[in-house]
Every structure is written in C-alpha cells, then in structure tokens.
1. Mind checking which residues of region A:291-308 are exposed (fewer than 15 other Cβ atoms within 10 Å of the Cβ) and within 20 Å of the chain's Cα centre (by Cα)?
2. Any residue at all in region B:205-218 that's within 21 Å of the chain's Cα centre (by Cα), in a helix (DSSP H, G or I) and loosely packed, with under 14 Cβ neighbours inside 10 Å?
3. Looking at this structure, is residue B:58 outside the structural domain of residue B:277 (by TED's automatic domain parsing) and either in a loop (DSSP other than H, G, I, E, B) or out of contact with any Gly (no Cβ under 6 Å at 6 or more places or on another chain) (or both)?
4. Which of the residues that make up region B:364-376 are at pLDDT 95 or above and over 17 Å from the mean Cα position of the chain (by Cα)?
5. So, residue A:20, is that one crowded, with 20+ Cβ neighbours inside 10 Å, modelled with pLDDT under 95 and more than 7 Å from chain B (Cβ to nearest Cβ) or not?
6. Inspect region B:223-236 for any residue being within 9 Å of another protein chain (Cβ to nearest Cβ) and surrounded by 23 or more Cβ atoms within 10 Å (Cβ to Cβ) and give the result as yes or no.
7. Which of the residues that make up region B:165-223 are without any contact (Cβ under 8 Å) to a residue 40 or more places away in the chain and either of a type in the set (D, E, K, R) or assigned by TED's automatic domain parsing to the domain that holds residue B:35 (or both)?
8. Restricting to region B:136-159, name every residue that is among the hydrophobic types (A, V, I, L, M, F, W, C) and either at pLDDT below 95 or within 19 Å of the chain's Cα centre (by Cα) (or both).
There are 2 protein chains.
Amino acid sequence: MRLSNRLSHVPASPIRKLVPFAQAAKKEGVHVYHLNIGDPDIKTPEVMIDVLRKWDKNPIPYSPSQGELIFLDALKTYYHRVGYSFIEEKHIQVTTGGSEAIAMAFFSICNPDDEVIVFDPLYANYNSFAVREGVTLVPVMTKLETGFHLPKRQDIEKKITKKTRAILISNPNNPTGTAYTKKEMDMLVDIVKKYNLFILSDEVYREFVYDGKSHVSLLLYMKDIPMQAILLDSLSKRYSLCGARLGCIVSLNEELMSGVLRIAQGRLASGYIDQMMASKLTEVPSSYTKNVQIEYQKRRDVLFAQLSTIEGVILPPKPEGAFYAIVGLPVADAEDFCRFLLTEYRDNNETVMLAPASGFYATPNCGRNEVRIAYVLNCESIKRSVEIIKKALEAYTKLCHSER
Amino acid sequence: MRLSNRLSHVPASPIRKLVPFAQAAKKEGVHVYHLNIGDPDIKTPEVMIDVLRKWDKNPIPYSPSQGELIFLDALKTYYHRVGYSFIEEKHIQVTTGGSEAIAMAFFSICNPDDEVIVFDPLYANYNSFAVREGVTLVPVMTKLETGFHLPKRQDIEKKITKKTRAILISNPNNPTGTAYTKKEMDMLVDIVKKYNLFILSDEVYREFVYDGKSHVSLLLYMKDIPMQAILLDSLSKRYSLCGARLGCIVSLNEELMSGVLRIAQGRLASGYIDQMMASKLTEVPSSYTKNVQIEYQKRRDVLFAQLSTIEGVILPPKPEGAFYAIVGLPVADAEDFCRFLLTEYRDNNETVMLAPASGFYATPNCGRNEVRIAYVLNCESIKRSVEIIKKALEAYTKLCHSER
C-alpha cells in the first residue's frame with residue numbers, strides 16, 4: 001500500500017531518534033546521562049502538584065476549545081506581570097504544547113508551498129511542522145563564531161521572495177542559546193514592516209536569560225505591529241511541565257485568532273487536568289523563576305568550563321539564554337559518535353546521550369561535526385557527563401584510526 | 001495582513017460554535033442542559049482518579065513519542081481482552097485524543113487533494129481535519145429512514161476515483177448511533193480489497209452497542225488486510241476521560257507506523273499525567289463497562305419515548321450504539337432554533353443546548369431541519385430536556401408565524 005509522499009519527508013527527530021539505543025543501554029543496566037533533550041530535572045512548583053493531590057473532579061470533562069477560563073485568566077495575569085498589560089483573554093489561544101502553536105500558526109498564515117524565513121541552526125521540529133503543514137522553510141545561516149547572532153540585514157532580505165509569509169525566530173534560541181538584542185529585534189521588525197510579513201516569535205525560554213541581561217520579547221513590539229506579530233509560547237520549560245503539553249498562541253490579530261479558534265474546535269480541547277494544574281502559575285513565587293535562572297546559569301558555566309578542557313572541541317561564545325549549546329566536536333560524523341556513546345562506550349557503566357546537530361539545520365549537510373547539548377542536569381551530573389564525553393572522544397578517535 | 005486561504009475553509013464546530021450563547025445564558029443564571037456534546041456525566045473509574053490523588057512524580061517529564069511504555073502495555077492488554085491477541089505494542093501509536101489519530105492518518109495516507117470516502121452524516125470534525133490535512137472528503141449519503149445504514153455497494157463504488165485513498169467509517173457512528181452489521185463490514189472490506197484502498201475505522205464507541213447486539217470491529221479483519229486496515233481509537237468515551245486527550249492509531253502496517261512515529265516525534269509526546277492515569281484501564285472492572293452500557297441504553301430508550309410524543313419530530317429507527325441520534329425537527333432552520341433555545345427561550349429558567357446537524361454533513365445544504373442529540377445526561381435530565389424542547393418548538397413555531 002502506497003503511503004503519502006509527504007509522509008516520507010517527515011524527518012525523524014534528532015533529539016529522539018537515538019532513543020531505542022538509549023533504552024537498550026538502560027536495559028543492560030547502564031546509566032545514561034540525558035543531555036539530548038530539554039527535559040529538566042528542576043522541580044515543578046509544588047502548588048501545581050497539589051492540584052493533582054487534591055483532585056475532586058469526576059468525570060474528567062472536555063475544556064472549552066480556546067482553553068479553560070481559569071487557565072486563560074492565569075495566562076493573562078502572567079503576561080501582565082511580565083509587563084504587557086494590553087493582553088486580554090481574547091488574544092490567547094491555549095495549545096497542546098508549544099508544538100501545536102507552531103502547527104496552527106504555519107497553517108493559518110501559509111498556503112501550501114509558501115515560505116517562512118528561519119535561522120540555521122533551528123529548533124529541529126520546525127522542519128517537521130513545515131512538512132506537516134506544507135510550508136517551505138528558507139534558512140538564513142548564523143555562525144558559531146558570532147554566537148549564532150543574526151547576520152546582516154541584506155543577508156536576510158535577499159531571501160525574501162513573493163512567497164515569503166513570515167520570519168520565525170526562537171528567542172532565546174533553541175538550539176543555540178542565543179538571546180537576540182534590541183538592535184536585532186528592531187531590525188527584524190523593520191524588515192517585516194517593509195515587506196508586510198508576519199513575525200513569529202517562539203519564546204518558550206523567555207525567563208532563561210543570564211548574566212543580568214534582559215530578554216527582548218516580541219511582545220514589546222506587538223502594539224506597533226498588531227496584525228503581524230504572533231507569539232508562540234509554552235509552559236514546559238518555565239515550570240518544568242514538559243509532560244503537561246500546554247502552550248499558547250498570543251496575537252492582537254482578531255481575524256487570525258478567530259481562525260485559530262476554529263482549528264482548535266476541530267481538535268476539541270487541550271488537556272483538562274494539565275490546564276487545571278497549570279492555572280496555579282499565578283501562585284508560583286517569583287523566587288522560583290529567579291532560582292531556576294541562577295541554577296541554569298551555573299550549569300552553563302560548568303558545562304563551558306569543562307568542555308573547554310577537551311582538545312578539539314569548538315565552543316561558541318557563551319550563550320546568553322535557554323539551556324542549550326551547539327558545540328563542535330573533533331569528529332567527522334557527530335551522529336555516529338552519539339550512537340557510539342549509546343551502543344559501545346561505557347565508563348564505569350555510565351554513558352551520555354547527546355543530540356546530533358545536523359537535524360537542527362534546514363540547510364542540507366550542515367552541522368555534521370556538531371552536537372546540541374542540553375544542560376538540564378545538575379552541575380555534578382554535567383561534570384561527570386563531560387568527563388565521559390572526553391574519554392569517549394579519545395576511545396572513538398582511536399577506534400576510527402584503527403578498524404572503522 | 002492576508003491569512004491563508006485554507007484557514008477560511010476550516011469550519012466552525014457545529015457542536016461548539018453556539019457555546020458563547022450558552023455561556024451568556026449561564027451568566028444570566030439560566031440552567032443549560034447540554035445535549036450538544038458527547039461529554040458524559042458518567043463517572044471516570046475511581047482507580048484512575050486515584051492516580052492523581054497519590055501523585056508523587058516531580059517534575060512532570062516528557063513521555064516517549066510513541067507513548068508511555070506502561071500505557072502502551074495497558075492498551076495492548078485491552079485489545080487482547082476484547083479478543084485481538086495479535087496486537088503488540090509496536091502496532092500502537094498513542095495520540096492526543098482520537099482527534100490527533102484522524103489527523104495523522106489523513107496526512108500519512110493522502111497526498112494533497114487525495115480523496116477519502118465518508119458516509120453522510122458524519123462526525124463533524126472530519127470536515128475540519130480534511131481541510132487541515134488537504135484531503136477531499138467524498139460523501140456517500142445515508143438515510144434517516146433506514147437508520148443511516150450503508151447504501152448499496154454500487155452507490156459506494158461509483159464514488160471511487162483515481163484519487164481515492166481510503167474509506168473512513170465511524171462505528172458505532174457519531175452522529176447517527178448506527179452500528180454496522182457484519183454484512184456491511186464484509187462489503188466495505190471487499191471494496192477496499194478490490195480497489196486497493198485503506199480502510200479507517202473510528203471505533204471510539206466500541207463498547208456502546210445495545211439490545212444485546214455485538215460490535216463488528218475492523219480488528220476482526222485486520223489480519224486479513226494488514227496493510228490496509230487502520231483503527232482510530234480514543235479513551236474519552238469508554239472511561240469518561242474526554243478531558244484527558246488520549247487516543248491511538250492501531251495498524252499492522254509497519255511502514256505506516258514508522259511514519260506515524262516520525263510525525264509523533266515532531267510534536268514530542270502526549271500528556272504524561274493523562275497517560276499515567278489511563279494506564280489503570282487494566283484495573284477497571286468489566287462491570288463498569290457493562291453498567292455504562294445499560295445506562296446509555298436506558299437513556300436512549302427514554303429519549304426516543306419522549307421525542308415520539310412531539311408532533312412533527314422525525315425519528316430514525318432506534319440507533320444500535322454510541323450515544324447520539326440525528327433527529328428531524330418541524331422547523332426550517334434547526335440552527336436558528338438551537339440559537340433561539342439559548343438566547344430567547346427559558347422554561348422555569350432552564351433551556352437546552354443541541355447541535356444543529358448541517359455541520360455533520362460533507363454534502364452542502366443537508367440536514368437543515370435536523371439536530372444531533374447526545375444522550376449523555378441522566379434519564380431525569382433527558383426527560384426534562386425533551387419537555388423543554390417540546391415547549392420551545394411550540395413557542396418558536398408561534399414566533400415564526402408572527403414576526404419572524
């Protein structure tokens with residue numbers, strides 16, 4: 001039976017495709033340090049977990065398609081607190097993870113084969129959603145040496161065609177950790193004004209900006225370009241709620257939001273329990289966010305200090321935000337090295353899982369010697385992980401020189 | 001800013017588009033009986049709710065993209081218990097509701113503009129997913145007089161073109177309650193064999209078949225047509241878990257399942273808490289299902305007995321399954337009557353919400369005088385609801401004869 005052509009174009013996730021090897025290692029009793037996936041070990045706020053423990057609603061009903069009223073209200077309060085008091089419930093559509101927000105946005109603003117400008121390396125699943133929604137991603141390259149900051153304006157403008165519908169950024173960036181400056185954001189907003197494009201900003205890591213820097217959100221520009229600005233958001237990282245599958249689309253464009261609501265009605269609703277739990281976000285103390293920020297900054301510093309001791313590792317300038325880094329390794333094929341870590345290498349019965357970076361590029365044949373490292377484990381685990389990576393690189397190099 | 005053309009083709013849900021009117025009525029203090037949506041008042045099994053009350057996992061992590069292992073195992077056990085012991089974990093992909101199962105299946109088997117044969121009236125959201133996934137639904141009409149059972153074989157075959165990729169059924173049917181006979185299923189399977197098509201069977205209401213009849217599942221044919229048979233399933237109705245957003249795709253077609261897993265990786269995972277809760281399905285006593293079945297059969301009988309007392313109401317033969325009925329009303333525009341119920345009519349400060357049926361047809365201009373009634377409330381509430389409908393029809397008819 002012939003399946004669809006488009007199905008064959010859906011890429012396997014570079015973050016998850018090596019999972020079967022990790023599972024096999026674990027079955028053998030090997031401890032695997034997971035630096036491949038942004039699934040933090042930081043605790044979810046207790047006030048949220050308490051919602052589960054005190055559960056008294058039975059049956060578990062559908063939510064309204066736009067979102068539970070109490071959760072929409074909590075999200076509104078959140079945006080007010082971070083400084084954007086013009087956001088009302090009607091500007092918010094609850095989505096099943098940031099993932100669904102991306103999918104809905106692509107569908108809503110692009111006809112099949114329309115183009116969206118992205119910056120390479122990019123969040124790998126943008127590739128997947130582009131195939132799913134029939135959108136062509138047009139990558140603009142950014143460079144490790146410059147901390148993956150945006151290139152010159154003309155490098156972006158020359159990619160704009162009649163089919164271009166939007167510019168999409170992740171800020172702070174997954175997989176690079178780059179937090180765009182005010183100047184960079186000004187430039188992007190100026191470009192979308194000039195060419196009448198949408199700008200999609202995926203700000204899942206909004207709170208995770210380090211060294212006292214502050215985040216430049218698209219929300220800052222939303223009233224200036226109300227028809228063009230679309231915020232994509234998620235609670236997964238902010239409150240360690242990855243498994244809760246909750247995000248949202250925020251826009252002042254009423255026609256867009258009413259179309260997005262019709263899409264949302266088709267899939268009925270996001271999870272009721274997750275929404276009831278996450279509604280408690282208004283009761284999470286600001287110290288929680290502050291402490292999480294301090295902790296990730298510490299982890300980043302440990303990661304970079306340790307990696308800099310490995311010969312041949314190519315480090316970018318320290319990333320300003322999120323909890324990822326793209327790092328060059330002294331290997332020809334980083335995916336093969338990642339597989340080697342999971343299937344062959346053990347140090348004291350432990351190993352490390354990394355995400356090969358090639359899947360984080362929309363441009364073919366890039367990032368072959370790079371990996372994405374998620375510093376989502378505590379400092380001790382990060383130290384130990386880098387120690388394993390160091391030893392494994394030595395073993396791998398020897399192996400490559402001999403039989404491979 | 002121009003949005004996509006396809007966005008304008010996404011229909012509003014006939015089940016949910018009148019929700020703002022219902023909310024307004026409730027704000028006025030009016031009690032609304034919800035017969036518009038399949039959101040049952042039957043309790044979720046306590047053994048599932050207990051998972052929440054005893055929650056000790058923190059943080060809330062991502063699940064594997066295919067599904068939590070414990071949940072996949074529970075689903076496998078379920079299919080074994082209902083008689084299909086050839087189902088293994090690898091044949092199952094956990095989805096975020098039956099909704100996502102439909103979307104993934106459409107994408108996987110259809111190129112843009114490929115055709116899927118459906119039977120009118122149909123589950124309204126098939127229309128929505130067809131637009132989302134670029135699929136053309138080709139409806140074959142079924143009739144109220146014959147209980148919406150399938151038409152003659154040639155009426156189906158004449159709709160098959162070079163672009164036809166599949167036949168999609170909902171069995172037992174939403175919105176008609178029809179449970180297809182062995183003869184009907186044999187015919188469909190024979191057609192898909194002859195024309196080399198996929199067959200998609202949405203069996204969300206598998207357990208809800210009444211009067212001692214038994215359900216004829218696509219699973220019965222799965223080993224005969226392993227490359228062509230795709231089961232779409234959901235836990236929402238079976239365990240009153242609508243808000244938990246859990247379903248699955250089941251198929252023996254390995255190439256399909258590996259493609260579906262790549263799609264699943266793109267959206268990361270279904271909800272962790274929901275899956276952990278639903279994993280307890282293996283501990284739900286069989287008496288739960290039996291009692292639910294008895295209760296719905298009673299409600300159906302009450303609904304039909306009461307409706308038959310209203311002059312001008314056109315009833316189909318009593319549906320064999322699910323908890324819906326398509327019913328003709330003595331009005332020209334059932335949607336206008338549904339709006340009238342919510343915005344104007346009150347009896348002792350109560351009213352009823354129904355779903356206008358026109359949105360449940362893929363054929364334009366059908367079902368204008370019909371509504372879908374979901375008998376998801378207890379018998380007393382159903383009796384009271386029908387009493388309100390009866391009085392409202394009288395008031396509405398008077399109004400139509402005078403000013404409207």
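The values are calculated or read from the model by the stated rules, or taken from the named source; none is laboratory data. Nothing here was measured: the structure is a model prediction, and the numbers come from that model. Here the Cβ is made from the backbone with ideal geometry for all residues, glycine too, and neighbour counts use every protein chain on show.
1. From region A:291-308, those exposed (fewer than 15 other Cβ atoms within 10 Å of the Cβ) are A:291, A:294, A:305, A:308; that's our starting set.
Answer for region A:291-308, where residues must be exposed (fewer than 15 other Cβ atoms within 10 Å of the Cβ) and within 20 Å of the chain's Cα centre (by Cα): just A:294.
2. Step one: filter region B:205-218 for residues within 21 Å of the chain's Cα centre (by Cα), giving B:205-211, B:213-218.
Now restrict to residues that are in a helix (DSSP H, G or I): B:218.
Checking the rest, the ones that are also loosely packed, with under 14 Cβ neighbours inside 10 Å come to none.
No, there is no match, as no residue in region B:205-218 is within 21 Å of the chain's Cα centre (by Cα), in a helix (DSSP H, G or I) and loosely packed, with under 14 Cβ neighbours inside 10 Å.
3. Working: outside the structural domain of residue B:277 (by TED's automatic domain parsing): no; either in a loop (DSSP other than H, G, I, E, B) or out of contact with any Gly (no Cβ under 6 Å at 6 or more places or on another chain) (or both): yes.
No: the conditions fail for residue B:58.
4. If the condition is that a residue be at pLDDT 95 or above and over 17 Å from the mean Cα position of the chain (by Cα), then B:366, B:367, B:368, B:369, B:370 are the ones that fit.
5. Values: crowded, with 20+ Cβ neighbours inside 10 Å: no; modelled with pLDDT under 95: yes; more than 7 Å from chain B (Cβ to nearest Cβ): yes.
For residue A:20, the condition - crowded, with 20+ Cβ neighbours inside 10 Å, modelled with pLDDT under 95 and more than 7 Å from chain B (Cβ to nearest Cβ) - is not met.
6. yes
7. B:182, B:183, B:184, B:186, B:190, B:193, B:194, B:203
8. Restricting attention to region B:136-159, the residues satisfying the condition of being among the hydrophobic types (A, V, I, L, M, F, W, C) are B:137-138, B:140-141, B:144, B:148, B:150, B:156.
Scanning region B:136-159 gives B:137, B:138, B:140, B:141, B:144, B:148, B:150.
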